[in-house]
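The values are calculated or read from the model by the stated rules, or taken from the named source; none is laboratory data. This one's a predicted model, so the numbers in the text were calculated from it and none came from an experiment. A quick note on method: Cβ atoms are made from the backbone with ideal geometry, for glycine too, and the neighbour counts reach across all protein chains shown.
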Amino acid sequence: MPTSWFSRSRSQSLSAAHRITVTLYGVSDGGTGSANLTAQMGVLIGDSNGNGAVSSADVAQTKSRSGVTVDATNFRSDVNANGAINDSDISLIKSSVGTGLP
Ligand SMILES: [Ca+2]
Ligand SMILES: [Ca+2]
């Protein structure tokens, strides 16, 4: 879980919905050489189901996960990345309903 990354992004005042480009330099397959790999990813606070928009479906999904231990299958509902899924996450999602990736 990239908690430190999330905290850093929030402190840099990025918008709640944005796309970032990540570049990995000198990636090697252990064989003949290396290359730089670039990938773009969308970041949308509150999009617990990962469909690119925040809606009542995200609110409902996170409500159903409230109190459940955070794991690889539900980490998107831990919107504030504090290791728990609870009312604070639901409130954050509600405040983002209607937003979407650019
Ligand atoms: Ca969504
Ligand atoms: Ca949380």
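You will find that of Ala57, Ala53, the residue that is more than 10 Å from ligand 2 (Cβ to nearest atom) and within 14 Å of the chain's Cα centre (by Cα) is Ala53 and no other. Residues in the range 43-59 that are farther than 21 Å from Ser15 by Cβ and surrounded by 14 or more Cβ atoms within 10 Å (Cβ to Cβ): Ala57 alone. Taken together, Gly26, Gly30, Gly83 contain a single residue that is modelled with pLDDT of 95 or more and at positive phi, which is Gly83. Restricting the range 67-93 to residues that are of a type in the set (A, V, I, L, M) and assigned to a loop (DSSP other than H, G, I, E, B), the residue that is farthest from ligand 2 (Cβ to nearest atom) is Ala72. Of all residues in the range 45-61, those that are free of Cβ contacts under 8 Å to residues at least 24 places away in the same chain have Cβ atoms under 9 Å from Cβ atoms of residues that are assigned to a loop (DSSP other than H, G, I, E, B) and within 8 Å of ligand 1 (Cβ to nearest atom), 6 or more apart or on another chain, in Ala57/Ser48; Ala57/Asn49; Ala57/Asn51; Gln61/Ser48; Gln61/Asn49. Just to be sure before I move on: is Ala35 within 14 Å of ligand 1 (Cβ to nearest atom) and over 19 Å from Leu101 (Cα atoms) in the structure I sent? When the stated conditions are applied, Ala35 does not pass them. Restricted to the range 38-66, and to residues there that are in contact with a strand residue (DSSP E or B) (Cβ under 8 Å, 6 or more places away or on another chain) and not in a strand (DSSP E or B), the residue that is farthest from ligand 1 (Cβ to nearest atom) is Ile45. Of the residues screened, Phe6 is not one that is at pLDDT 95 or above and under 12 Å from the mean Cα position of the chain (by Cα).
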